[in-house]
1. Is one or more of the residues making up the stretch 18-33 open to solvent by 10 Å² or more (accessible area, probe 1.4 Å), touching a Ser or Thr at 6+ places or on another chain (Cβ under 8 Å), of a type in the set (Gly, Ala, Ser) and within 16 Å of the ligand (Cβ to nearest atom)?
2. Can you find, within the stretch 341-356, the residue that is nearest to residue 10 (Cα to Cα) among those that are small (Gly, Ala, Ser) and surrounded by fewer than 23 Cβ atoms within 10 Å (Cβ to Cβ)?
3. Quick one: is residue 258 at pLDDT 95 or above and out of contact with any helix residue (DSSP H, G or I) (no Cβ under 7 Å at 6 or more places or on another chain)?
4. Conditions first: (1) away from the ligand (no atom under 16 Å from the Cβ); (2) within 15 Å of residue 53 (Cα to Cα). Residue 252 passes all but one, so which condition is the exception?
5. May I ask you to verify whether residue 84 is over 15 Å from residue 172 (Cβ atoms) and touching a residue at least 24 places away in the same chain (Cβ under 8 Å)?
6. With the structure loaded, tell me whether residue 167 is open to solvent by 10 Å² or more (accessible area, probe 1.4 Å) and away from the ligand (no atom under 16 Å from the Cβ) or whether it fails that test.
7. Filter the stretch 5-59 for residues that are of a type in the set (Val, Ile, Thr) and outside any helix (DSSP H, G or I) and give the result.
8. In the stretch 339-383, how many are at pLDDT 95 or above, aliphatic (A, V, I, L, M) and outside any helix (DSSP H, G or I)?
Amino acid sequence: MRIYLDHNATTPLHPDALEAMIRVLREVPGNPSSTHHEGSEAKRVVETAREQVAALLGATPRELVFTGGATEANNLALAGLATTLHERGRHIVSTTVEHPSVEEPLRRLEAEGAEVARLGVDPEGRVDLDAVRAALRDDTALVSVIWANNETGVLQDVAALAECAHARGALLHVDATQAVGKIPVRVDEVPVDFLSTSAHKFGGPKGVGLLALRHEALPEAFVRGGPQERRLRGGTHNVAGIAGFGAAAAAAHAELDARVERYAALRDRLWVGIAEKVPDVRRNGHAEHVLPNTLNVEFCGAQGDVLLEILDLEGIAVSAGAACASGSIDPSSVLTAMGRSPEEARASLRFSVGEGNDTAQIDRVLAGLPEWVARTRPPGSVA
Ligand SMILES: Cc1ncc(COP(=O)(O)O)c(C=O)c1O
């Protein structure tokens with residue numbers, strides 16, 4: 001049996017999501033935009049899911065715009081808002097540890113004349129709030145920050161960021177893709193203006209996500225060509241996918257506290273075991289302000305890509321950084337932004353636990369890891 005420790009890349013479908021999707025695929029053939037009975041049934045599926053996801057996020061259903069995932073939601077937020085907030089100014093504040101689905105739209109906006117201030121992070125991966133305050137200007141339209149980093153799991157102080165942004169009349173977008181379903185993310189408690197997330201990071205299907213709109217400013221549509229989603233996202237709804245998103249959200253809502261506890265126990269068991277059994281390791285990222293399921297470790301002097309391969313051959317799936325960057329030999333830009341050298345970044349692996357993991361699996365990993373790590377270190381490098 002393989003051991004899957006890469007839940008930040010994607011998660012297996014939650015059984016409730018699978019069941020909801022199969023029912024819709026079998027029994028709900030209509031288009032939610034049609035006015036007949038079949039259309040109304042499909043629309044009911046979409047609206048029920050919207051209520052389920054809204055309940056998880058503390059949003060109202062009307063605030064949610066379904067998209068084809070968080071990449072699209074981030075593009076809609078950045079490109080779309082930069083257009084509609086043009087009158088406020090063309091200055092945007094973001095960070096050096098954003099996901100490419102934020103960073104690449106930012107680069108595109110710069111090419112079109114926007115000014116972007118990218119704030120660095122401290123060695124533990126956190127943004128300095130004083131630096132945020134100092135970067136904000138009268139013409140800052142938007143602040144865009146990743147809530148939980150996909151590589152390190154490090155959490156930003158989103159409530160404080162919202163306060164800083166609002167104090168200067170700027171709006172806050174957060175990429176909460178890794179946070180939702182793993183920690184409480186409630187827009188009725190933390191006053192973000194826009195929030196992106198994705199179903200497949202917490203038991204839903206791939207290819208479905210949303211942008212939550214908490215401010216009256218609406219982004220310009222990115223995918224055009226239909227009246228769907230308040231004209232903000234044209235195209236026939238992915239009805240089965242949205243049903244799966246709703247079911248995964250309902251499950252996450254019901255199980256969140258237990259998940260946090262279970263994930264943290266497994267993650268801590270893994271870290272304590274690694275620190276005990278493998279010489280010369282260090283944890284990347286803040287030890288407290290971090291997702292309960294994520295552990296990023298530098299095996300000093302080791303070849304991370306080789307270790308990843310050995311683990312895979314041994315039946316264990318982990319990641320050497322962002323899934324989309326794996327296979328590339330570039331060191332993680334998130335770790336280098338935290339001050340790690342390229343060699344240190346290349347010696348680092350991300351373990352992310354989730355549903356289906358148990359202590360026996362963690363212990364199997366710990367039993368083999370000291371030898372596998374030693375094989376990827378230069379002979380005689382570490383005792
Ligand atoms: C922080 C973050 N933002 C955005 C995305 C993109 O999400 P999606 O796969 O739904 O496009 C990911 C997924 O890797 C992510 O981790």
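1. Taking every residue of the stretch 18-33 in turn, none turns out to be open to solvent by 10 Å² or more (accessible area, probe 1.4 Å), touching a Ser or Thr at 6+ places or on another chain (Cβ under 8 Å), of a type in the set (Gly, Ala, Ser) and within 16 Å of the ligand (Cβ to nearest atom).
2. Within the stretch 341-356, the first condition is being small (Gly, Ala, Ser), and the residues that meet it are 341, 345, 347-348, 352, 354, 356.
Going one step further and asking which of them are surrounded by fewer than 23 Cβ atoms within 10 Å (Cβ to Cβ), we end up with 341, 356.
Working: 341: 28, 356: 13 Å.
Among those residues, the one meeting the criterion is 356.
3. Working: at pLDDT 95 or above: yes; out of contact with any helix residue (DSSP H, G or I) (no Cβ under 7 Å at 6 or more places or on another chain): yes.
Criteria met by residue 258.
4. Every condition holds for residue 252 apart from (1).
5. Numbers: over 15 Å from residue 172 (Cβ atoms): yes; touching a residue at least 24 places away in the same chain (Cβ under 8 Å): yes.
In short, yes.
6. Criteria met by residue 167.
7. 10, 11, 28, 35
8. Going through the stretch 339-383 one residue at a time, the tally reaches 3.
The values are calculated or read from the model by the stated rules, or taken from the named source; none is laboratory data. A quick note: this is a predicted structure, and the numbers were derived from the prediction, not measured. Glycine also receives a Cβ, built like all others from the backbone with ideal geometry; neighbour counts cover every protein chain displayed. Please note that ligands, DNA and RNA were not included when accessible areas were found on the heavy atoms of the full protein model with its side chains. Shrake-Rupley method; radii C 1.70, N 1.55, O 1.52, S 1.80 Å.
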